[in-house]
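Engineer: Quick one: this structure, given as structure tokens, is what I'll be asking you about.
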Amino acid sequence: MATRIRYGLRRYSLAASLFGLMGAAMLLWSSRITQRTFVFPFGVVEPQGAQLLIGGVGVAALTYLAAISYTRFVRRPEIVLAKRKIELPLGELGRRLLVIREGELVGFAEGKTAGGWRHMRIVYRDGAVTLSSAQLPDDDAFERVRAHLGTLVTASPVASAQARKAD
């Protein structure tokens, strides 16, 4: 029986609030521009140009909100811990799926980011990926993935040391 772990932003509600409010505020602000306005990095811009640039930022924020919401509520990517393999969604939106089977995993190493999130550098036969704890529901899920990866490693301790060094 395979274990399934939900994959996606742990702090979804914070991201949704931030991008939703920012997008709406930028669209509202852009509709009220009537004079020349300073827009970084373009400098002082005519009202029509400023409306377009600032409105574009608002639309981009709302588009990103739609993408993460679609990923979370419709696509619902999952990490699958199955016997002798693991399936990992890749990227922030989990659009690609990486399947690592027993014998393909070279090694993995754990680290921390400046913000305190844990991450794991996973080296497999065809490349390397990084999995962040920010993409998992809780730290227990991160530990289950780490423990499952430990069962798939068939390489020598030297290869695991090389994975840590590559990080």
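Engineer: Computed from these coordinates, which is Cα extents along the principal axes in Å: (1) 66, 33, 26; (2) 76, 63, 36; (3) 64, 61, 29?
Structural biologist: Evaluating Cα extents along the principal axes in Å on these atoms matches (1).
Engineer: Expressed as a whole percentage, what fraction of the accessible surface of the chain belongs to carbon and sulfur atoms when a 1.4 Å probe is rolled over the protein heavy atoms?
Structural biologist: Answer for the chain: carbon and sulfur cover 57 percent of the accessible area.
Engineer: Further, regarding this structure: Mind putting a number on the dipole of the range 1-126 about its Cα centre? Charges go on the C-beta only, +1 for Lys and Arg and -1 for Asp and Glu, and I need it in Debye to the nearest 20.
Structural biologist: Charge dipole, the range 1-126, about its Cα centre: 500 debye, nearest 20.
Engineer: Follow-up. Based solely on its DSSP helices, what 222 nm [θ] is calculated for the chain when runs of n ≥ 4 H residues each add -39,500 (n - 2.57) and the sum is averaged over all residues, nearest 500 deg cm²/dmol?
Structural biologist: Calculated at 222 nm, the ellipticity per residue is -13500 deg cm²/dmol.
Engineer: What do you get for the angle between helix 12-31 and the principal long axis of the chain? Use alpha-carbon atoms, 0 to 90 degrees, nearest ten.
Structural biologist: 20 degrees
Engineer: Cβ neighbours within 10 Å, averaged per peptide: list 108-116, 85-93, 12-20, 121-129 in order, most packed at the top. Walk me through the intermediate numbers first.
Structural biologist: Working: 108-116: 12.3, 85-93: 18.0, 12-20: 14.1, 121-129: 16.3.
Result, highest mean Cβ count within 10 Å first: 85-93, 121-129, 12-20, 108-116.
Engineer: Among Val39, Tyr70, Leu88, whose Cα projects farthest towards the positive end of the dipole of the range 7-98, with charges put on the beta-carbon of Lys, Arg (+1) and Asp, Glu (-1)?
Structural biologist: Looking along the dipole axis, the top candidate is Leu88.
Engineer: Can I ask one more? State the extension gain, in nm to one decimal, for the chain segment bounded by Thr63 and Ser17, taking 0.36 nm per residue of separation less the distance between their alpha-carbons.
Structural biologist: 15.2 nm
Engineer: Roll a 1.4 Å probe over the protein chains and send me the accessible area per residue for the chain in Å².
Structural biologist: 60 Å²
The values are calculated or read from the model by the stated rules, or taken from the named source; none is laboratory data. None of the values given here were measured: they were computed from a predicted structure. Heads up, the Cβs are rebuilt from the backbone with ideal geometry, glycines too, and the neighbour counts pull from every protein chain shown. With ligands, DNA and RNA removed, areas are computed over all heavy atoms of the protein, side chains included. Shrake-Rupley method; radii C 1.70, N 1.55, O 1.52, S 1.80 Å.
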